[in-house]
1. Among the residues of region 131-188, count how many are in a helix (DSSP H, G or I) and basic (Lys, Arg).
2. Of (1) part of a loop (DSSP other than H, G, I, E, B); (2) surrounded by 14 or more Cβ atoms within 10 Å (Cβ to Cβ); (3) at pLDDT 85 or above, Leu199 satisfies all except one. Which?
3. Take the conditions within 23 Å of Leu250 (Cα to Cα), of a type outside the set (Gly, Ala, Ser), surrounded by fewer than 16 Cβ atoms within 10 Å (Cβ to Cβ) and away from ligand 1 (no atom under 16 Å from the Cβ) and apply them to Arg191. Does it pass?
4. Contact list please: Cβ distance under 9 Å, first residue in region 256-273 and free of Cβ contacts under 8 Å to residues at least 60 places away in the same chain, second residue surrounded by fewer than 21 Cβ atoms within 10 Å (Cβ to Cβ) and acidic (Asp, Glu), pairs at least six apart or on different chains.
5. Under the condition of being under 18 Å from Leu159 (Cα atoms) and part of a helix (DSSP H, G or I), which residue from region 202-232 is modelled with the lowest pLDDT?
6. Could you grab me the full set of residues in region 34-52 that are in a helix (DSSP H, G or I), surrounded by fewer than 22 Cβ atoms within 10 Å (Cβ to Cβ) and within 13 Å of ligand 2 (Cβ to nearest atom)?
7. Against the conditions (1) under 16 Å from Asn134 (Cα atoms); (2) away from ligand 2 (no atom under 11 Å from the Cβ); (3) among the small types (Gly, Ala, Ser); (4) not in a helix (DSSP H, G or I), where does Ala25 fall short? Just the number, please.
Amino acid sequence: MEAAAAKRKEPRKALRVKVISMGNAEVGKSCIIKRYCEKRFVSKYLATIGIDYGVTKVQIRDREIKVNIFDMAGHPFFYEVRNEFYKDTQGVLLVYDVGSKESFDSLDSWLAEMKQELGPHGNMDNVVFVVCANKVDAGKLRVVDESEGRLWAESRGFLYWETSAQSGEGIQEMFQTFYSALLELCENGGRRPGPGAGLGFTREQADAIRRIRATKDSWDMLGLKPGASREEVNRAYRRLAVLLHPDKCLAPGSEDAFKALGNARAALLKNIK
Ligand code: GTP
Ligand code: MG
């Protein structure tokens, strides 16, 4: 009896998770980790050489989690060092700089690099990704807005946070949410909760918003060839308006896309007899 009672009181073993950071050089990966672990910010750029490794313990609900963090160098030069570290990863901090469109556009190639290194049997569906839109303190220098970043992340089932390693904005909350999701993953037998669970929008809606954002041309926005008839314009408009109406579509950026559609239709109809 006593032995059983003692066993019941024994704290549960700490979970061990492996986390890596990914993203172009200079986007702030090391600073984000430093801000969280050491509560400080270094403004001088000290490029990570290959990999930096650290361990941290965190308490989430009633569980202790031992997090092994591999902070990767973003520079292409270090690819040969980095590629060793992708396997057995449970969580990824995927970082871009909101002042650098190039760093945002590179997110896909980071996913591709990880996929390639994991090989044909690797499974990225069961990895928790948190996308950090970093340097939000940059103010006017910002070129990637929140809805664009959020849409990219959420349409892939990734978490999204706006962060500043400089001011500390979002850092604590981001890690807290990230570790909670990792705990959930471990308690769910290593599987990420179903794709698109609770997303509130479809792939088709996300793709349509992305297409509309990517162009200034009214024909392109409606998915039509120049010279289409009034009827075709109205039909295309109606289809997209139903798809993206902000009352029905919860995808980030749906409101702006819906407005852009209305303007595109009005501009085209003005010039069609
Ligand atoms: P690599 O190790 O080369 O891949 O770069 P990294 O992504 O680790 O970048 P690092 O954290 O070293 O930061 C790069 C530069 O950006 C440094 O000069 C930092 O001071 C600066 N920086 C990082 N985070 C922020 C931020 O939130 N705001 C601002 N304004 N600057 C930041
Ligand atoms: Mg670094």
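1. 2
2. Leu199 satisfies every listed condition except (3).
3. Values: within 23 Å of Leu250 (Cα to Cα): no; of a type outside the set (Gly, Ala, Ser): yes; surrounded by fewer than 16 Cβ atoms within 10 Å (Cβ to Cβ): yes; away from ligand 1 (no atom under 16 Å from the Cβ): yes.
Taking the combined requirement at face value, the residue does not satisfy it.
4. Ala264/Asp217; Ala264/Asp220
5. Per the criteria, the residue is Arg203.
6. Within region 34-52, the subset in a helix (DSSP H, G or I) is 34-38.
Filter once more, so that each one left must be surrounded by fewer than 22 Cβ atoms within 10 Å (Cβ to Cβ): 34, 36-38.
Listed by number, the list holds a single entry, Lys34.
7. Every condition holds for Ala25 apart from (2).
Quick grid of which residues meet (1) at pLDDT 95 or above; (2) closer than 22 Å to Gly190 by Cα; (3) within 14 Å of ligand 1 (Cβ to nearest atom):
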| residue | (1), (2), (3) |
| --- | --- |
| Val58 | no, yes, no |
| Ile69 | yes, yes, yes |
| Met72 | yes, no, yes |
| Asp97 | yes, no, yes |
| Glu102 | yes, no, yes |
| Met124 | no, yes, no |
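The values are calculated or read from the model by the stated rules, or taken from the named source; none is laboratory data. Since the structure is predicted, the reported quantities are computational estimates derived from the model, not experimental observations. Positions of Cβ are generated from backbone atoms using ideal geometry, with glycine treated the same way; all protein chains shown enter the neighbour counts.
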